[in-house]
Amino acid sequence: MYKVKSIHKRLISRLFIGWIVISIAAGTIVFFIKLEEIDDFVKKLASVESRSIIDDEQVYIYSSDPQDKEYLTQILTEHIEKGHFIIVEVYDKNKEKRAEVLSPGSVKLDEYLKSIEMKKVTRHFTDEVIYNRIYFEKRIYLQVFVPLFDDSSKLIGYFEGVYHVDDNTMDDIKRIILFALLQIVVAVLATTIILYPIIMSMNKDLIKYSIELSEANVGILEALGGAIAKRDSDTHSHNYRVTIYAVRLADALGLDSETICSLIKGSFLHDAGKIAISDNILLKPDKLTEEEFSIMKTHVKHGVDIIGKNAWLQDAVDVVHYHHEKYDGTGYMSALKGHDIPLRARIFAIVDVFDALTSKRPYKEPFSYEKTMEILKQSRGSHFDPEILDVFFSISNDLYGEISKGDDAVLMHTLDRLINKYF
Ligand SMILES: [Fe+2]
């Protein structure tokens, strides 16, 4: 059944969307957690390395001797060559710069950092250690600000360094994050695969009841449509045929299954209001008088009264209410024109007249296919929507051959197939 397939499809697509959303959300959380962990790891490394520079050099920070200042620069240069710091600056307690050393190749980064610092109101001359993570040209750097104290905890100056996260550490970071993301994606996928049969089995009874309910609804639809057909005809054939024609035309127009379902309901019940028309008018073999015809026209309103309050039949109202409207606005009861007439009613109007012309009625023999086509063509743009009629012409020959001569059993079988496909 179409609905069961659609439940499977919807469940799979929703689980898939759920999988993607959870993977992205969990992946993002893991990414930031790992980034924090990596930050801590790099901070520790940077802290150890900066501490070793400071311990060696603190004696030269106070000294005003130019030779000491030069020596400080020289030692800082050696540290830069051996370690991971690529820029180091040392300030005395009065925030005066005592030494600055840049590794080769870090000039651009230094300019970038200075451009950022220019925008800041104050520098980081505080009593606390401060770290800043910096992304520059696809690399991670850690800027460290460390206040320097002597052994008696007296402030003697400040250290500022830029720590470069080397390629090996970067590769490790990428590997850790990728692995964590992969774990998340696989775990969520496995959960989704396990959940699918569980959800389906939980829904099995629900699906079964809903299929039974749907079949019962369609059965009532057929019974009600049949009851109406029986009033002015010996068989259900007209109802069956117009429903099949309407579905085939809607299919040729490329309409979705929801619209086709509503067309099936509307086709079955299009003349439901004829129940309210008295026999002497409904079954009159002669031409109706003007007054009788105006009573006959009211069957569309009676039809809406009968089905209009039923929620499941709401989408059949378009066909029931407007199937006698004409494209040029000369139809009844609302005299709607062109595309103001609902699409389903414009479709149905064509197949209803096609069937009326090609089948036997108490007052006439069936018209030939050629004569029927001629009459329809004459009403192109006046009674019928010209575009829909053109599509109908492309399938009418097949429909005439396959359906118009079929007996009730053949028609019922064809209709059952269509109902199973769309409901
Ligand atoms: Fe009608």
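Laid out as a table, the results:
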read-out	value
Listing of helices (runs of 4 or more DSSP H) fully contained in the range 330-413 that carry 1 or more residues being more than 26 Å from Met296 (Cβ to Cβ)	369-378, 386-402
Single match in Met333, Met373 (criterion: under 21 Å from Phe268 (Cβ atoms) and either within 15 Å of the ligand (Cβ to nearest atom) or under 45 Å from the mean Cα position of the chain (by Cα) (or both))	Met333
Counted residues, the range 295-322 - those being in contact (Cβ under 8 Å) with a residue 40 or more places away in the chain and either over 13 Å from Phe268 (Cα atoms) or more than 35 Å from the chain's Cα centre (by Cα) (or both)	1
Flag if Leu142 is modelled with pLDDT of 80 or more and over 34 Å from the mean Cα position of the chain (by Cα)	yes
Number of the exception - Ala349 against (1) within 16 Å of the ligand (Cβ to nearest atom); (2) surrounded by fewer than 22 Cβ atoms within 10 Å (Cβ to Cβ)	(2)
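The values are calculated or read from the model by the stated rules, or taken from the named source; none is laboratory data. Being a predicted model, the structure only gives us computed values, none of them experimental. All Cβ positions, even for glycine, are placed from backbone atoms using ideal geometry, and neighbour counts span all protein chains on display.
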